[in-house]
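Report on the following structure.
The values are calculated or read from the model by the stated rules, or taken from the named source; none is laboratory data. Remember, predicted model here, so these are calculated numbers, not experimental data. Neighbour counts run over all protein chains shown; Cβ positions are idealised from the backbone, glycine included. Protein only, heavy atoms only, side chains kept; ligands, DNA and RNA dropped before computing areas. Shrake-Rupley method; radii C 1.70, N 1.55, O 1.52, S 1.80 Å.
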Amino acid sequence: MASVQISNVKKSYGAVEIMHGVDVPIGDGEFVILVGPSGCGKSTLLRMIAGLEVVTSGDISIDGKRVNDLEPKDRDIAMVFQNYALYPQMTVAQNMGFALEIAGRPKAEIKAEVEKAAEILSLTPLLARKPAQLSGGQRQRVAMGRAIVRNPKVFLFDEPLSNLDAKLRVKMRAEIKALHQRLGSTIVYVTHDQIEAMTMADKIVVMNAGRVEQIGTPLELYDRPANLFVATFMGSPAMNILPAKVTADGISIAGVATVPMPAGLSASGEVSYGLRPDHVTIGGQDAVSADVLVVEPTGSETHITATLGGHEIMIVSRDRVDIAPGSKLPVSLASEHAHLFDAVSGRRL
Amino acid sequence: MSLLSQAFRPVGSNRVDPMLVALWLALVVLALVWITPFIFIVFTALKSSDAVMNTSAFALPTEPDFGNFVSAWQRGNFSTTAFNGVIITFIKVPLGLFISAMAAYALAKVPMRFSKVFLALCVFGTMLPFQVMLAPIFKQVNAFGLINTYPGIILPYLAFGVPYQVFILHGFFAAVPKELSEAARIDGASHFTIFRRIFLPVSLPVLSALLILDFVATWNEFAMALVILQDPKMWTLPLGLMNFQSQFQSNYGELNAAIIMTVLPAAIVYLMFQRYFVAGLTTGAVKE
Ligand SMILES: Nc1ncnc2c1ncn2[C@@H]1O[C@H](COP(=O)(O)OP(=O)(O)OP(=O)(O)O)[C@@H](O)[C@H]1O
Ligand SMILES: [Mg+2]
């Protein structure tokens, strides 16, 4: 168990800087999830923590000790790769015990450690198999087992569940979460999956184009996104963002609706008005009429895409809405859950 | 009949596939073309001189006679040439493969300056047929005073064999997912351990293919040996065989016995290692 400190880390490939000074504090035993669009540098950051990529500038410390120049094996970390990277010629048991074997630990001890980890992950019946004889989910678990056996200070996961089908992913999500609670270890976890991030993380780091946009608990990011990027990135379907202007009467949205200023907020001039799809209400006294484009019933909810004053908005209703594309729908944009962002900088107001 | 007709049907179908029939025909014809001279050689080697003259070349040897092998062995000085062949081949082939595999691993997986240049040099090396280099090689080996020595022949063999093997193995190693060696590095393995414990087992099919090819080529190599090994005490089997042929041209029985003894080891090595040819040993390393 250990804390990890990432301070002002930059990374360049040749002349191209792809990470522009990243600071992430990670507390002892925390489950931290890195999210962000493809190519934003999540894997690169993780690989720098692992020691697989050179840090161009800045510091990475584990447990207060600067590790920039340490070999991966000396950092006391374990990594689970997206494609699992199991050693094809070795059995499950050999795969899991490889690190201990390299470290020269006695055979009996390796066997005991491997069996213990196999027990935790229900891999015991598979210990004699080769990776080729395992299903995707089992391989995934072997990869985790290999990490657990080493009893590292920090676990690093790079999209470990993205090759699994939806059902297995839900199961493994729960298993990883349970594992974290059981081992109490520090975990840095990269994912594309919103739900994974929201459900598993103690702390989410939202990255974009080589920068950190915001760090916070899942609900903090959801309820108080620091800027337009985080607002639209977190949550699915994404938050509606509409151009608006603060007037004496309140907020005039896209020139078609005027709503009162939400309690506790203040602004003036041009702003962006953000409202999550489930906070758009259908009907209401100050409703304006939107043109329905697409109606998607998901079973539990109805997703409606509509246009309002030339802007596309998404509405999520818990009720079954019986409406056809092309028709008009009265919607109300007033909400105490609305977010206001600076129209120019995108920062939360 | 049922077994035969099975061969002409795609698995799980009961219609005869004309393509399969044609393929089988082609295989049979090809096999005949290859086997015919072989049968001729084996049959002749087992016949006495009388039988060679008085029976058809493809008549079964009615009284198989191993005398040809015994006398060819003595007269052809096989104990010397076979010994030389074993020394040279058994040193050159494993050593060359080992060097090539390590070089290929380094070029493919160890971040290094100029690795592309080295690889380009290797590729260039594969383009030079050594026959055109015989004269310079002779001068070079002579300058080192290595004519008629084992190092004198093994070193040029290595020089011409390694680039080709590096080239093949580099392609293979480069295709092994980088996460595999990264996982091993995190597990604490040194480059040498990664090479030995992960890359060598994964590349067993390629290595055994290269081993067979190289063994046969080295065992049977003629031109360079002819130039460098001039002392009959240093001759390898092909040189001995050529000499034998010019001396005992008309003794077909012994000549063919000599031919069989020359090529047999290569055939045995082939049979020993061909089972490792099976591809797909990497399946399951990573999720496709
Ligand atoms: N070896 C490399 N040489 C040059 N550029 C690289 C290299 N590796 C990564 N990059 C660049 O660095 C940026 C970050 O890559 P990285 O793999 O960290 O993204 P990511 O956030 O993990 O994306 P994804 O979600 O698709 O996995 C990308 O723009 C990528 O093109
Ligand atoms: Mg990535």
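In the protein assembly as shown, the convex hull through the Cα atoms has an average projected area of 43.8 nm², a quarter of its surface area. Over region B:32-83, the hull volume per residue, using the convex hull of the C-alpha atoms, is 89 Å³.
The largest-to-smallest principal axis extents of the Cα set in chain A are 76, 45, 34 Å. Remark: for residue pairs A:K203/B:K178; A:K111/A:K177; B:K92/B:K233; A:K10/A:K65, the C-alpha separation exceeds 21 Å in A:K203/B:K178; A:K111/A:K177. The phi-based Karplus calculation (6.51 cos²θ - 1.76 cosθ + 1.60; θ = phi - 60°) puts the 3J(HN,Hα) values of region B:189-194 at 7, 7, 4, 5, 5, 4 Hz, whole numbers, x for Gly and Pro.
Here is the list for region B:30-109: chymotrypsin sites (Phe, Trp or Tyr not before Pro) lying in DSSP coil, each with at most 14 other C-beta atoms within 10 angstrom of its C-beta, are B:F58, B:F66.
Membrane-span-like helices in chain B, defined purely by DSSP H runs whose alpha carbon atoms cover 20 Å or more axially and whose average Kyte-Doolittle hydropathy reaches -0.5, are B:18-45, B:78-109, B:150-174, B:204-220, B:252-273. Shielding by partners for peptide B:29-35, expressed as the average number of C-beta atoms from other protein chains within 10 Å of each residue's C-beta, is 0.
Only Cα pairs under 8 Å and 6+ residues apart enter the sum, and on that basis the relative contact order of region B:76-282 stands at 35 percent. Dividing the summed -39500 (n - 2.57) terms of all DSSP H runs of n ≥ 4 by the residue count of chain B sets its mean residue ellipticity at 222 nm at -22000 deg cm²/dmol.
The Cβ shell under 12 Å around B:A257 holds other residues with a net charge of 0, Lys and Arg each +1, Asp and Glu each -1. Across the accessible surface of chain A, with the other protein chains kept in place and a 1.4 Å probe, carbon and sulfur atoms take up 50 percent. Accessible surface computed residue by residue for the protein assembly as shown, with neighbouring protein chains in place and a 1.4 Å probe, gives 49 Å² per residue. Other residues within the sphere of radius under 15 Å centred on the Cβ of A:T307, judged by their own Cβ, net out at -1 (K and R +1, D and E -1). Among the protein heavy atoms of region B:2-65, carbon and sulfur supply 73% of the accessible surface, probe 1.4 Å, non-protein parts ignored.
Note on region B:189-254: Cα-only Rg and Dmax are 19.3, 62 Å. Please compute the net charge surrounding A:I148, taking Lys and Arg as +1 and Asp and Glu as -1 over other residues with Cβ under 14 Å from its Cβ. That works out to 0. Looking only at Cα atoms, what is the convex hull volume of region B:157-288 per residue, in Å³? Spelled out: Cα convex hull of region B:157-288, divided by residues, is 134 Å³. If you average the sequence gap of Cα pairs under 8 Å that are 6 or more apart and divide by the length of region A:223-349, what percent do you get for the contact order? Result for region A:223-349 is 30 percent.
With contacts taken as Cα pairs under 8 Å and at least 6 residues apart, region B:1-90 reaches a relative contact order of 16 percent.
What ratio of Cα Rg to 2.2 N^0.38 Å holds for region A:175-241? With N residues counted in region A:175-241, Rg over 2.2 N^0.38 Å equals 1.16. Here the peptides A:261-267, B:49-55 are ranked by packing, the mean other Cβ count within 10 Å, and the order with the highest first is B:49-55, A:261-267. Each Lys and Arg contributes +1 and each Asp and Glu -1, all at the Cβ; summed about the Cα centre of chain B, the dipole is approximately 840 debye. Summed over both chains, the contact between A and B buries some 2400 Å² of accessible surface at a probe radius of 1.4 Å.
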